[in-house]
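See below for the structure under consideration.
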Amino acid sequence: MAENKKDSLTSKKELKKQMNGRSAFMFFLFILAFAGLFWNLGKIIWVNGENFKQKVLSQAIQREGDAYIEFKRGEIMERNGIVLASTVQVYKLIFDAKLLNSLGAEKKEAVLELLVRQQIREKSELEKILVEKQNYNYVVLEQEMSYSAFKEIKEAIDTNRVSGLFYEAHNKRQYPYPTLAPELIGFVKGDNVGEGGIEEYYNNMLIGEVGRRYGILNSKSIAVDKEVAATDGYQVMLNIDYSIQKYITDAMTDYLKDHNPKSVTIIVADPRNMEILGLKSFPSFSLDSPYDIPDLELPADVEMVEKTVEAIILQKKKDLLKAKIAKIEEEKSKQAEPSKTAKDVETEKPNQASVSQPVEPDNSSAIKQKDKETLVKMPTLEEITDEEVISPTERASLRKNLLLQNRWKNIALTNGYEPGSIFKAITYAMAEEENKIAPENYYYCSGGLQKASHFIRCHKVQGHGAQTAEQGLSNSCNVVFMDMGEAIGRELFYDYQHKFGFGAITGIDLAGETSQRKNIYEKKDLNETQLATSSFGQGFNVTPIQMITAFSALINGGYLYEPHVVKKVFDTEGNLFEVKDKTLIRQVISEASSLKLRQTLKGVVDEGTGRTAKIAGYEIGGKTATSEKQPRGNGKYTVSFMGFAPIENPEVITLVIVDEPEGAYQDSRIPALIFRNCMEKIMPYLHIFKADVVEEQK
Amino acid sequence: MKIRKKLAMIFNQAGSMDLSIYFVVFFLIAFGVIMVYSSSFNVLVDESGKKLNLLSQFWVKQMIFGGIGLLAMMIIPQFNTKLMTGIFVVLYPVTLLLLVLVRYFGESNRGATRAFNLGPVSFQPSELTKLVVIITLAFLIGHWQKHLSKTMALLYLLIILAIPTALVAIEDFSTAAVIAVIGGGMIWISYKKMGQTLLLGGLGTGAILTYFFLKKENRSQRWDVYASGPWAQADGKGRQAVQSLYAIGSGGFFGRGLGQSLQKMGRISQAHHDIIFAIICEELGFFGAGLILLLYLGLCYQLLQTAMNTSEIKDYLIVIGVMIQIAVQVIINIGVASNVLPNTGMPLPFISYGGSSLVILCVEMAMVLGITKKNQYNYLKRLEQYQEEIEITR
């Protein structure tokens, strides 16, 4: 028994010895681990200490998330104060399903009930979300809620501190009338960058300054919020009149109902100061969805865009070819270098070569061989496939982008067209001003005129016969104006063309205007034929805005004004900041010439080609134009009508251009009719009265 | 005589406990309360924005739990260690039951269901598991001390360890790892064939841990963050790790001063919990953090000494188990704070906020203190014997 006990005692002693050894070893491991951690801490502090200190300080004074305060982009109003573009705060409602699931049933129920009451979702749907997205903290319930719809939920979140729901507020640009004047107003891209129209041109006015919310450390090292409020953008008031814009929109829509032209442009302006009262074009888009245009793939647009895409691809191919050739040449020169050193060894030989002339044929064959090599190696343009320079997806997106760009642009500012007969009024004015109008019965139209090597026809093949200048304008006779152009002469014609503002931008305050400088004859190119065609408005391009600006100068007493869309700018507080007054560029013709022109143009509407535009009781002047598009003879026309009223002191001028009208007759009666539909409403609206009495006296 | 015997069964033998251990723990708890107060400075409001009343502020709760713990550390050592051991061994099946129940009746928090909600406090059975596993294993090993070279004994012990470990691992991977290390360490120290222990234990825990590691999406995500380095996602998933490093680094050698942490102001979430060490570094610097580390090491050394002085294998292993737990938790906690280890929630013993953890640790320390008392009694008795022997030889 004692033996046994002693035995167990010794075994216990042995066990203890083993345990002592192993625990001591374990403790040793702990010491190592502690030392390692200690070392690591020291390393962090030693290596990154200063850096981290800076980080911590900068973090402490900068609060998360709300460092910047958005400004409100300025409003755009039409001339009577109707808001066309405004910025509103919208709310993104976010649902924290994970948090909500972890809360008690009572709180959960309260949130669900609130959402159901506000008609955000059905209760069953919410419960489904809670199950399906139970691990998500960020489930977006609503992207953009207006303040009025969000008010109650906001209150619940802000003051009652409802858990499981939160929101993010951000600004959104809103266009109450998205299709009223999309090209003219433009829209806002991503980070408050205007695209097109007023939004782009006046971007600097419309944007404000972002505010900042930041922290500073107070004496107790506690970060305290400091706020610099955002400055809202300036507001812009346009010359555009909502009603006029509506009238021209209606007239255009009316026409488009059963016609399918390539494009239509209508511009209404006040000729006395060139305030743009209305501007509308087709095809157009909606400001609500500028990237999502249902009729984007119009055949004409697609054709043009495809051409551009091809050109871009060709350019890319050329660049690639250049790069490839350069690379091959580089390699060749590298290969040539070692052989060069071999040649260097043979430097003694040239002497012998020059002495022994007959080696020549051998030499030339060597060159030929070299040439061959290069010929074989050089890649050609045809070898490069489309895929090498552009992937199908890239190509598709390029195409889409170009199509969109094409649609967003304001064709009244960017598209050049041949003005055609409307320009005859300009030529007339030049002749009138320079006293180059021939006496009565000078002009005789026999259906055309030989100019240099070309026989240029009048639109009336049998000829208009003998005419006065006024009749020539009224009949829109090409021959009369060819004669007039010849009388004016190259120098003066060119000068006047530019004095009227053709070939230069008008300076309108909208983005993207083109000058068409390259599409108008230089003085040195203006030979006999070109002068003749230019005299009746063909062979050069103008933009619609250039045309209406020049024509306004023609009828308003000769004053060329800068067209402008913005009337007033108001600052953040609503105080008047700037008034955009009329800007006179120059006087082109005299008051007397202008008066003469107005009367003559009245005749065009009263008994000439513009009869369709006549509105009973009103004194209207105007001019029609039908120009065949290049290449001539393809049966495609641009028809337009320019009209104004009243004659005595024009208050409104309207240009209607229809490009490639489809249908049985493609002449200026189409735009004249549209003009008439517009003016029937615009004139009473502008208080332009009927002049029945005057009419009867005549 | 009979009454005395009965009393002896209930109360511990005369002798005083090791006050140095008591004071180290006391200091750590007091320091913990201060640090919890400091680091929860900006969470004095509840979810709905109301200011918390005094009783529900973290530092007050921590102080109350600390008081309970310190009291337990005075009372429990007075009772017979054998009796207390028995009580906790009986608790083993109860703990298993609680671990199962917590999955169904527990309160879920931050994606894990780990605790029972008991009104103002919550109770984590996984913390109790640590205590129960230590004592149960120590008891069984002490009981089977003659069979400690038999493979069957090893298998039994591993099974006893594996069941609670697996149950904890379902919800809390890192705590399960700690339990596995504690139990594994205890078995390794006592089981005679080291090779077998390492092989079987390694295989078993390895298999269980890999299974649970792979199972939860959340965990492997954390692992990804760790593997790719926190800087790759400094504003996302790696945020806590990066901010913790900022705190440590910005503290420098002497810190910003007690209560001066900037990182606790919302940069480090739940700073009073697991990342409290980073705040200690920021406020007290390398120097202060180093002192705390040394204190832990000293405590462990004291525990090692205590273990070596015990007369019973069971007591020996209880003390060693507690030592392993403290050391491993410190290593994991600081490793996480300094981004040596992937992010996981591991309380810093005695300092991190958490009632269950603190009270259970105190009970463990109380067991240790009871053992020190016994040790001293034995020492005195041996001294007496020795003196008697000397006198006899004289």
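The values are calculated or read from the model by the stated rules, or taken from the named source; none is laboratory data. Keep in mind that this is a model prediction, so the values were computed, not measured. Here Cβ is always computed from backbone atoms with ideal geometry, including for glycine, and neighbour counts include all displayed protein chains.
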Flagged in the range A:527-547 as surrounded by 23 or more Cβ atoms within 10 Å (Cβ to Cβ) and part of a loop (DSSP other than H, G, I, E, B), in numbering order, are A:PHE536, A:GLY537, A:THR543
A:LYS524 passes all but one of the listed conditions (1) free of Cβ contacts under 8 Å to residues at least 60 places away in the same chain; (2) part of a loop (DSSP other than H, G, I, E, B); the exception is number (2)
So, A:TYR417, is that one at pLDDT below 90, among the aromatic types (Phe, Trp, Tyr) and either touching a helix residue (DSSP H, G or I) at 6+ places or on another chain (Cβ under 6 Å) or surrounded by 13 or more Cβ atoms within 10 Å (Cβ to Cβ) (or both) or not?
no
I'd like the full set of residues that are among the β-branched types (Val, Ile, Thr) and either more than 30 Å from A:SER243 (Cβ to Cβ) or in contact with a Gly (Cβ under 8 Å, 6 or more places away or on another chain) (or both), limited to the range A:137-188.
A:VAL139, A:VAL140, A:ILE153, A:ILE157, A:THR159, A:VAL162, A:ILE185, A:VAL188
Give me the residue from the range B:173-195 that is farther than 21 Å from A:ALA24 by Cβ and of a type outside the set (Ser, Thr, Tyr) and, out of that set, farthest from the other protein chains (Cβ to nearest Cβ).
B:ALA176
Residue that is buried (at least 21 other Cβ atoms within 10 Å of the Cβ), within 14 Å of chain A (Cβ to nearest Cβ) and outside any helix (DSSP H, G or I), where the choices are B:LEU341, B:LEU348:
B:LEU348
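Yes/no per residue for (1) over 60 Å from the mean Cα position of the chain (by Cα); (2) surrounded by fewer than 16 Cβ atoms within 10 Å (Cβ to Cβ); (3) at pLDDT below 90; (4) of a type in the set (A, V, I, L, M):
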| position | (1), (2), (3), (4) |
| --- | --- |
| A:LYS17 | yes, yes, yes, no |
| A:PHE25 | yes, yes, no, no |
| A:PHE38 | yes, no, no, no |
| A:GLN62 | no, yes, yes, no |
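Yes or no, residue by residue, for (1) acidic (Asp, Glu); (2) assigned to a loop (DSSP other than H, G, I, E, B):
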| residue | (1), (2) |
| --- | --- |
| A:THR549 | no, no |
| A:LEU560 | no, no |
| A:ALA592 | no, no |
| A:ARG598 | no, no |
| A:ASP606 | yes, no |
| A:GLY633 | no, yes |
| A:THR638 | no, no |
| A:MET642 | no, no |
List the residue pairs whose Cβ atoms are under 8 Å apart, where the first residue sits in the range A:140-167 and is farther than 21 Å from A:LYS107 by Cβ and within 14 Å of another protein chain (Cβ to nearest Cβ), the second is among the aliphatic types (A, V, I, L, M) and part of a helix (DSSP H, G or I), and the two are 6 or more positions apart or on different chains.
none
Check A:LEU655 against each of (1) under 26 Å from A:ASP241 (Cβ atoms); (2) more than 30 Å from the chain's Cα centre (by Cα); (3) crowded, with 17+ Cβ neighbours inside 10 Å and name the one condition it does not meet.
(2)
Residue list for the range A:489-520, restricted to those being acidic (Asp, Glu) and either part of a loop (DSSP other than H, G, I, E, B) or on the phi > 0 side of the Ramachandran plot (or both):
A:ASP509, A:GLU513
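Quick grid of which residues meet (1) modelled with pLDDT of 75 or more; (2) surrounded by 17 or more Cβ atoms within 10 Å (Cβ to Cβ):
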position	(1), (2)
B:MET194	yes, no
B:LEU198	yes, no
B:GLY201	no, yes
B:LYS216	no, no
B:SER220	no, no
B:TYR226	no, yes
B:SER244	yes, yes
B:SER250	yes, yes
B:ARG256	yes, yes
Going by what's in this entry, would A:LYS172 be described as surrounded by fewer than 19 Cβ atoms within 10 Å (Cβ to Cβ) and more than 24 Å from A:ILE82 (Cβ to Cβ)?
no
Here's a check for you: in the range B:1-33, which residue that is surrounded by fewer than 18 Cβ atoms within 10 Å (Cβ to Cβ) and within 24 Å of B:PHE277 (Cβ to Cβ) is modelled with the lowest pLDDT?
B:SER20
Candidate set from the range A:420-446 (those that are modelled with pLDDT of 90 or more and β-branched (Val, Ile, Thr)); member that is farthest from the chain's Cα centre (by Cα)
A:THR427
Pair list, Cβ < 7 Å and 6+ apart or interchain, from the range A:97-108 residues that are at negative phi and more than 10 Å from chain B (Cβ to nearest Cβ) to residues that are surrounded by fewer than 19 Cβ atoms within 10 Å (Cβ to Cβ) and polar (S, T, N, Q):
A:ALA97/A:GLN134
Could you say whether any residue in the range B:378-391 is more than 14 Å from every other protein chain (Cβ to nearest Cβ) and buried (at least 21 other Cβ atoms within 10 Å of the Cβ)?
no
For B:LYS314, are the conditions met, namely being closer than 22 Å to B:LYS82 by Cα, more than 7 Å from chain A (Cβ to nearest Cβ) and basic (Lys, Arg)?
yes
Index of the failed condition, B:ASP274 passing every other in (1) away from chain A (no Cβ under 12 Å); (2) under 25 Å from B:HIS143 (Cα atoms); (3) buried (at least 24 other Cβ atoms within 10 Å of the Cβ)
(2)
What residue, among those in the range A:207-221 that are at pLDDT 65 or above and outside any strand (DSSP E or B), is nearest to A:LEU57 (Cα to Cα)?
A:VAL210
Could you list, in sequence order, all residues of the range A:284-316 that are under 24 Å from A:PRO178 (Cα atoms) and among the small types (Gly, Ala, Ser)?
A:SER284, A:SER286, A:SER289
